[in-house]
Amino acid sequence: MRLRRLPAGVVVALVILAAVAADVGLQQVLAGPGPVSAEHEWPAEASGRVWVVVDPPDGRRRTITLQWGPWQQRVHLGGGDPVAYALTKEGNPRAGSVGIRVTVDPGAEVSFGVGPPPAGLPVVDLDGGWRRTGPLP
């Protein structure tokens, strides 16, 4: 098998491309994960406590935005341990259920549940402090 040499211009272009790709990768590593959004819809008949757990992969401060129908709340997470955010949901099987969207910046793992939040986690009650951002259904 005979190897051919690439033209100098092609070699230069490949070296530049590799440097740019490495720089972009390094910037992403230094910046950390981008925002993550998760959506969930509890069953329409579910009534009482529901929860959202945010589990960060590191100790960086995070902004958590919860959008539940026309209502929004923003909270901050300042550590690396998971936190449960508890809310109260009224069951209404005839009207259906409204989904919640949770955006965490920078990203983290998000999970949802019904009933008491998982044992052993700090719990933040989010029943107050919501502001309306859209029309009521």
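A short reminder: the numbers here are calculations on the coordinates, not readings from a lab. Keep in mind the model is a prediction, meaning the values are calculated, not measured. Methodologically, a virtual Cβ is constructed for each residue, glycine included, from the backbone with ideal geometry; neighbour enumeration extends over all protein chains shown.
Annotations
- The H on the amide N of Arg49, modeled in the peptide plane, is under 5 Å from the matching H of Lys89, Gly115, each at least 5 residues off or on a different chain.
- Whole-Hz couplings from phi, Karplus 6.51/-1.76/1.60, listed for the stretch 60-66; x for Gly and Pro: 6, 5, 10, 9, 10, 10, 10
- Residues whose amide H comes within less than 5 Å of that of Asp125, counting only those at least five positions distant or on another chain, are Ala86 (H built at 1.01 Å from N in the peptide plane).
- In the stretch 53-137, the trypsin sites (Lys or Arg not before Pro) that fall in loop regions by DSSP, at most 13 other Cβ within 10 Å: Arg61, Arg94
- With contacts taken as Cα pairs under 8 Å and at least 6 residues apart, the stretch 36-132 reaches a relative contact order of 43 percent.
- Sorted fewest first by neighbouring Cβ atoms within 10 angstrom, Thr65, Thr88 come out as Thr88, Thr65.
- Positive-end residue, the stretch 53-108 charge dipole about Cα centroid, Cβ charges, pick of Gly80, Val102, Pro70: Pro70
- Residues His40, His76, ranked from the fewest to the most other C-beta atoms within 10 Å, line up as His76, His40.
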